[in-house]
1. Let me confirm something: among Leu122, Leu205, which residue is part of a helix (DSSP H, G or I), surrounded by fewer than 16 Cβ atoms within 10 Å (Cβ to Cβ), in contact (Cβ under 8 Å) with a residue 24 or more places away in the chain and in contact with a helix residue (DSSP H, G or I) (Cβ under 7 Å, 6 or more places away or on another chain)?
2. Output the qualifying pairs, or none if there are none: Cβ atoms under 7 angstrom, residues six or more apart or on different chains, first residue in the range 45-70 and within 22 Å of Met128 (Cβ to Cβ), second residue among the aromatic types (Phe, Trp, Tyr).
3. Of all residues in the range 101-119, which are free of Cβ contacts under 8 Å to residues at least 60 places away in the same chain, over 14 Å from Arg40 (Cβ atoms) and not basic (Lys, Arg)?
4. Which residue is surrounded by the most Cβ atoms within 10 Å (Cβ to Cβ), if the candidates are limited to the range 143-196 and must be modelled with pLDDT of 85 or more and of a type in the set (Phe, Trp, Tyr)?
5. I'd like to know if the range 71-80 contains one or more residues that are modelled with pLDDT of 90 or more, aromatic (Phe, Trp, Tyr) and in contact with a helix residue (DSSP H, G or I) (Cβ under 8 Å, 6 or more places away or on another chain).
6. Could you please find all residues in the range 43-95 being polar (S, T, N, Q) and assigned to a helix (DSSP H, G or I)?
7. Being more than 19 Å from Ser44 (Cβ to Cβ) and either in a helix (DSSP H, G or I) or touching a Leu at 6+ places or on another chain (Cβ under 8 Å) (or both) is the filter here; which residues of the range 182-198 pass it?
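The values are calculated or read from the model by the stated rules, or taken from the named source; none is laboratory data. Since the structure is predicted, the reported quantities are computational estimates derived from the model, not experimental observations. Don't worry about glycine lacking a Cβ; one is built from the backbone with ideal geometry, like all the others, and counts go over all protein chains shown.
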Amino acid sequence: MSDFEAACTAGLRPERQSSMEKKMNPRTQRAREAIMDATRKLVSERSVADISLTEIAEAAGVSRPTIYNQFKDTPSLVAATSEQMMRRLFKEINEQLSHDDNEEYLHKMMELFVEGVYEQRLFARNAMWGPSATEITAAVVKLLSANMRAGYVGQRLAVRAPEQLDDCLDAISGGAIWMLSKWLTTDFKGENTPARMADRFTDTLLALSLRKTD
């Protein structure tokens, strides 16, 4: 299994859900989904700083106590919504591709990943360049780093730099998120088309995995 395959699959396994998600009753889960749906819509239209939890509650059709019982503020809600979207995207990619560990598979995975983000580009841009940026970055870096450990990059780094493994994985994951954040501010033309961005992600991962130094 490749490192990005691991990142895409393990994040959706039931045992990796939060304890709060596991304990949610169906009614609470439905309310949470409505809240996140409303959050995606509103953040796609306006800056996170201009949206209150009260407005999101009204758009979701839930009470203020319901939303405040689950989220302390709008940035925290946007971060949770972003992480949910990322996990679902990873799951969709895993379901579409047959597992393999080669450059062709990696490139196809990156194409699907970038296309998925592009489809949600308005939400993603406002979320990742707003007050939720730190929480979003921390959540996604943690997800990618933990799961890359078992894949190609993690295995190579464990041999070449075992004492720096955690730092290296965090650096790779953080760098990927920064590349994505910058890309979201472009016009998505020329060198910044989704297809070209997928190429850049693939080339960067291959370079960092040290394949070409054998």
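1. Values: Leu205 fails: surrounded by fewer than 16 Cβ atoms within 10 Å (Cβ to Cβ).
Just a single option satisfies the conditions, and that option is Leu122.
2. Leu53/Tyr68; Leu53/Phe71
3. Step one: list which residues in the range 101-119 are free of Cβ contacts under 8 Å to residues at least 60 places away in the same chain, which gives 102, 104, 108, 112, 116, 119.
With the extra rule that they be over 14 Å from Arg40 (Cβ atoms), the set shrinks to 102, 104, 108, 112.
Correct list: Asn102, Glu104, Leu112.
4. Step by step, filter the range 143-196, then rank; the result is Trp183.
5. Applying the first criterion (modelled with pLDDT of 90 or more) to the range 71-80 yields 71-80.
Pick out the ones that are also aromatic (Phe, Trp, Tyr) and you get 71.
Still in the running and in contact with a helix residue (DSSP H, G or I) (Cβ under 8 Å, 6 or more places away or on another chain): 71.
Among the residues of the range 71-80, at least one is modelled with pLDDT of 90 or more, aromatic (Phe, Trp, Tyr) and in contact with a helix residue (DSSP H, G or I) (Cβ under 8 Å, 6 or more places away or on another chain), which makes the answer yes.
6. Ser44, Thr54, Thr66, Asn69, Gln70, Thr74, Ser76, Thr81, Ser82, Gln84, Asn94
7. Keep residues of the range 182-198 that are more than 19 Å from Ser44 (Cβ to Cβ), which gives 182, 189-193, 195-198.
Correct list: Lys182, Gly190, Glu191, Asn192, Ala195, Arg196, Met197, Ala198.
Each row is one residue, and each column tells you yes or no for (1) in contact with an Asp or Glu (Cβ under 7 Å, 6 or more places away or on another chain); (2) not charged (D, E, K, R).
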position: Arg27; (1), (2): no, no
position: Glu33; (1), (2): no, no
position: Ser47; (1), (2): no, yes
position: Ile56; (1), (2): no, yes
position: Val62; (1), (2): no, yes
position: Asn69; (1), (2): no, yes
position: Lys72; (1), (2): no, no
position: Ser76; (1), (2): yes, yes
position: Ala79; (1), (2): yes, yes
